[in-house]
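Scroll down for the structure; my scribbles are underneath it.
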Amino acid sequence: MRCIQCGRTYDPHPRLLLCPMCQGLLEVEVEPYEYPSWSKWALRSPGVWRYLELLPLPRGVEPVSLGEGWTPLTRITNIGDLHGVNVYAKNEGVNPTGSFKDRGMTVAVTVAKASGAHAVIVASTGNTASSAAAYAAKASMRAIIVVPRGKIALGKLAQSILYGAVIVEIEGSFDQALEAVLEAVRQDPRLYPLNSFNPWRLEGQKTIAFEIVEQLGGVPDWVVVPVGNAGNISAIWKGFLELKRYGLINKLPRMVGVQARGASPLASAWRRGLSEPVFFDHPETVATAIRIGRPINWPKAMRAVRESKGLFIDVDDDEILSAQRLLARHEGLAVEPASAASLAGLLKLRKDRIIEKGEKAVIVLTGHGLKDPDSMMAAGATRLIARNPGEAVRIVTSLLTR
Ligand SMILES: *Cc1c(COP(=O)(O)O)cnc(C)c1O
Ligand SMILES: [Zn+2]
């Protein structure tokens, strides 16, 4: 494990989550016991654990898995405003709990269980909680989730309830929930934290990059990712770097981090040419999964975007909701608002001619639409009321001639 701030290296330990010397973020570096290769991977069943050589699996340990990963990469065919950009959507909503968080959880919960932990804890805007709750259940561990009261989407709360997590709702924002979790873990080391400063989680999430290359048969020009705590964009970039290091690809994509305008610490900094985020004390957006004012992984994400010659941008809530409807109504893809931010960002980059005709872009659709039924209900549809079956027949038969 290496500290990205002071560069010190440490022997791997499940409990080593921040640098003991400087409190910087740590990065896991997996030394493959065998050389990774596409042909070897292709022989294994698809999913996160297919990429075993580049994953940190403790010796003799069976992964805690629910069959995560190998999500569909579908071509966007019906959205006209893209004007000749080849766009593919990585549909992370079809993971076991409905978001990409499962890729990280399978690895981190496996590591936690192997270390003898009995309880996991997370602060969450919703999806980390659902995912942690499910994987903890599979691992026979307790899950404690700390969420901002009234600020998490209904589907996510419902999942956590069903999976049997203990739910602590705090009056405050996600950032305050995370502070509480950090302090709780300091006071009671029996709690194992699963937030995305936990570098083991990012190891699972980097497989998004591996799958994109495998499914596309090459490296796209752009990868567009919604950014909240900024772990995922960092993880995906790390995945591409590792493929390059082992000679499995020979070029790299440009990474785009999309934030909601009301919660855009990184995009605001980027626009002003600053190298550190402009923290938001009161983040606000319909895209609750990225409603984060102090992204903990910002140093990794800044590095990913800078190294890849990419950029951070922001989109407003109307653009997000309109992109959500476009994906659903033209492509049959139901995603939660945070995920639609990637399409909204892509449309903006296309309009500004930053992405050019003929280029290939992948948008990462991070979570399923069912997560947030309120946003689905607000999409608006033609809904007609018939007082009896005869009236229903008259209404229905008149519809197509109107
Ligand atoms: C967690 C999440 C994000 C943000 O990912 P970060 O790693 O926090 O940047 C985006 N969309 C959805 C649906 C999420 O659950
Ligand atoms: Zn350090």
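Picking from Leu311, Leu365, Leu343, which is most flexible by a Gaussian network model of the chain using Cα springs under 10 Å?
Comparing Leu311, Leu365, Leu343 in the GNM, the peak value goes to Leu311.
Once both labels are modelled 7 Å past Cα along the beta-carbon direction, what's the Ser140-Leu399 spacing in nm?
Using points 7 Å along Cα→Cβ, the separation is 5.2 nm.
For Met105, what charge total do you get from the other residues with a beta carbon under 11 Å from its beta carbon, if Lys and Arg give +1 and Asp and Glu give -1? Let's see the in-between values first.
Numbers: positive: Lys101, Arg103, Lys138, Arg201; negative: Glu68, Asp102.
Residues close to Met105 contribute a combined charge of +2.
Rounded to the nearest 0.05, what FRET efficiency is calculated for Ser45 and Leu216 with R0 set to 22 Å and r the Cβ-Cβ distance?
On the way: r = 20 Å, r/R0 = 0.90.
Between Ser45 and Leu216 the formula returns 0.65.
Would you mind telling me the antiparallel percentage of the DSSP bridges in the chain, rounded to 5? Don't jump to the answer; show the numbers that get you there.
Details: 9 of 41 bridges.
Antiparallel bridges: around 20 percent, rounded to the nearest 5.
What distance in nm lies between label points placed 7 Å from Cα along the C-beta direction at Arg306 and Arg149?
4.1
Using mean Cβ contacts within 10 Å as the protection proxy, how do 204-211, 242-249 order, highest first?
Numbers: 204-211: 26.0, 242-249: 16.2.
Peptide ranking by packing, descending: 204-211, 242-249.
Suppose R0 equals 60 Å. What FRET efficiency, 1/(1 + (r/R0)^6) with r the Cβ-Cβ distance, do Glu171 and Arg353 give to the nearest 0.05? Spell out each step's value before the answer.
On the way: r = 45 Å, r/R0 = 0.75.
It comes out at approximately 0.85.
Starting from the Cα-Cα distance between Met21 and Ser115, subtract it from 0.36 nm times their residue separation and give me the gain in nm to one decimal.
Numbers: separation 94, 0.36 × 94 = 33.84 nm, distance 2.23 nm.
Result: 31.6 nm gained on full extension.
Check the straight Cα-Cα distances from Lys238 and name the lysines below 26 Å, setting aside those fewer than 8 residues away within the same chain.
Lys40, Lys90, Lys101, Lys113, Lys206, Lys251, Lys300, Lys309, Lys348, Lys360
Taking a virtual spin label 7 Å from the Cα of Asn78 along the C-beta vector, which residues in region 299-336 bring their backbone nitrogen under 12 Å of it?
What the label zone holds, given the 12 Å backbone N cut-off, is 326-334.
Take Ile4, Ile385, Ile395 and order them by how many other Cβ atoms sit within 10 Å, fewest up front. Can you show the working numbers first?
On the way: Ile4 16, Ile385 7, Ile395 12.
In order of increasing Cβ crowding within 10 Å: Ile385, Ile395, Ile4.
For Val362, enumerate residues with amide H under 5 Å from its amide H, sequence gap 5+ or separate chain, H modeled in the peptide plane.
Excluding prolines and chain starts, which carry no amide H, the hits are Tyr88, Trp222, Val223, Val224.
Taking the Cβ of each residue in Ser39, Ser131 as the centre, tally the other Cβ atoms inside 10 Å and list the residues starting with the fewest.
Details: Ser39 6, Ser131 35.
The fewest-first ordering by Cβ neighbours comes to Ser39, Ser131.
Throw me the Rg/Rh for the chain, computed over C-alpha atoms with Kirkwood Rh, two decimals.
Details: Rg = 21.1 Å, Rh = 21.5 Å.
Expressed as Rg/Rh, it is 0.98.
Calculate, in nm to one decimal, what Asp318 and Val278 gain on full extension: separation in residues at 0.36 nm each, minus their alpha carbon distance. Numbers along the way, then the final one.
Values: separation 40, 0.36 × 40 = 14.40 nm, distance 2.27 nm.
Length difference between fully extended and current span is 12.1 nm.
Angle check, please: helix 317-331 long axis (alpha carbons) against the longest principal axis of the chain (alpha carbons), in degrees 0 to 90, nearest 10.
Roughly 70 degrees, rounded to the nearest 10.
To the nearest 10 degrees, how steeply does helix 174-187 sit against the main Cα axis of the chain, on a 0 to 90 scale?
Here the helix axis deviates by roughly 30 degrees.
Using the 10 angstrom Cβ neighbour count as an exposure proxy, how do Lys101, Lys357 rank, fewest first? Intermediate results must be reported in sequence, preceding the final value.
Numbers: Lys101 35, Lys357 11.
With the fewest neighbours first, Lys101, Lys357 line up as Lys357, Lys101.
Sorting check: for 108-114, 229-235, 87-93, 40-46, which peptide has the highest mean count of neighbouring beta carbons within 10 Å, and how do the rest follow?
Working: 108-114: 26.9, 229-235: 28.6, 87-93: 24.1, 40-46: 11.9.
Result, highest mean Cβ count within 10 Å first: 229-235, 108-114, 87-93, 40-46.
Project the alpha carbons of region 1-121 onto their principal axes and report the range along each, largest first, in whole Å.
Ordered largest first, region 1-121 gives principal extents of 52, 33, 33 Å.
Rule-based calculations on the coordinates, nothing more; no lab input. If you're wondering where the values come from, they're calculated on a predicted model, not measured in any experiment. In this analysis, Cβ positions are derived from the backbone assuming ideal geometry, glycine residues included, and neighbour counts consider all displayed protein chains.
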